[in-house]
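Undergrad: Right, I'll just put the structure down here and ask away after.
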Amino acid sequence: VWLKASVLGCLWASSEIVLGSFLHNLKIPFSSNLLTGIGIVLLVSASHIWHEKGLIWRSGLICALMKTLSPSAVIFGPMICIFSEALLIELSVVLLRRTYVGWLLGGALAMSWNLAYMVLNKLLFYGMSIIDIYTAFISQIEKQLGIVVDSPWDPVLVVLGVYVFLGMAAAGAGIYTGRNISRQG
C-alpha cells in the first residue's frame with residue numbers, strides 16, 4: 001500500500017510543487033482550488049484501479065511531506081490542507097463504502113476545506129474582529145451596489161456552494177477517468 005501511495009503522493013506533490021509555485025508566484029486567484037481539483041481527480045481515478053484501504057490518506061501524507069521540497073516560502077499551510085483533503089476523501093469513502101456518493105461527497109469536502117481553512121486562518125490571525133470587518137464590508141457593498149443581502153453570511157454560502165460544486169465535478173472527472181482506465185486494463 002505504501003508503494004502505491006508513494007506513487008500517487010509524488011504525482012500529486014509534483015503538481016503542487018511545480019504548478020503550485022508557478023501559480024502562487026503569479027498571484028493567480030483560486031490557484032489552490034485548481035491544485036485541489038488535480039489532487040481529487042488523481043486520488044479518485046487511481047482509487048478505481050487500486051482498491052487498497054488507506055491508500056488515499058497515505059498518498060496525502062506523502063504529498064504533504066514532499067511539499068517541504070517546494071521552493072515556496074509558505075509550506076506549512078498547504079501541507080495541512082493537502083493532508084486534510086486526503087483525510088476528508090478517505091473518510092467519506094470509508095463511511096459510504098466506495099460508492100459514487102462517497103466519492104462525490106469526498107470531493108466536495110476536500111474542495112470545501114480550502115474555504116474552511118481560509119476562514120479559520122483569518123480567525124486565528126485577526127481574532128473575532130474579522131467578523132466585524134466582514135459585516136462592515138458587506139454593508140458597504142450593499143450601499144454601493146444598491147442591493148440587499150438578507151444575511152451577511154449569504155455570500156459565504158454562495159462561495160461554499162461553488163466550492164462544493166467544483167469538488168463534486170473534480171470527483172466526477174476522477175470517477176470517469178478511473179472507470180475508463182480500469183476498463184482498458
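Undergrad: If you check Leu23, Leu34, Leu8, which single one turns out to be surrounded by 15 or more Cβ atoms within 10 Å (Cβ to Cβ), among the hydrophobic types (A, V, I, L, M, F, W, C) and farther than 21 Å from Tyr163 by Cα?
TA: Only one candidate qualifies: Leu8.
Undergrad: Got a number for residues in region 75-109 being assigned to a loop (DSSP other than H, G, I, E, B) and either without any contact (Cβ under 8 Å) to a residue 24 or more places away in the chain or under 19 Å from Leu19 (Cα atoms) (or both)?
TA: So the count comes out to 4.
Undergrad: Here's something else I'd like to know. Could you please let me know if Ser112 is more than 23 Å from the chain's Cα centre (by Cα) and modelled with pLDDT of 90 or more?
TA: In short, no.
Undergrad: Still on this structure, please answer the following. Would a scan of region 168-184 turn up a residue that is out of contact with any His (no Cβ under 7 Å at 6 or more places or on another chain), part of a helix (DSSP H, G or I), over 30 Å from Ser47 (Cα atoms) and among the charged types (D, E, K, R)?
TA: Within region 168-184 (the criterion being out of contact with any His (no Cβ under 7 Å at 6 or more places or on another chain), part of a helix (DSSP H, G or I), over 30 Å from Ser47 (Cα atoms) and among the charged types (D, E, K, R)), the answer is no, since none of the residues qualifies.
Undergrad: Give region 29-74 a look and list any residue that's part of a helix (DSSP H, G or I), of a type in the set (D, E, K, R) and modelled with pLDDT under 95, or say none. Can you show your working first?
TA: Taking region 29-74 and keeping what is part of a helix (DSSP H, G or I), we get 31-47, 55-69.
Filter once more, keeping what is of a type in the set (D, E, K, R): 58, 67.
Listed by number, the list holds a single entry, Lys67.
Undergrad: Of the numbered conditions (1) assigned to a helix (DSSP H, G or I); (2) open to solvent by 40 Å² or more (accessible area, probe 1.4 Å), Ile17 satisfies every one except a single condition; which is it?
TA: (2)
The values are calculated or read from the model by the stated rules, or taken from the named source; none is laboratory data. Here the structure is a predicted model, which means the values were calculated and not measured. Cβ atoms come from the backbone with ideal geometry, glycine included; neighbour counts cover every protein chain shown. Accessible surface areas use protein heavy atoms only, side chains included; no ligands, DNA or RNA. Shrake-Rupley method; radii C 1.70, N 1.55, O 1.52, S 1.80 Å.
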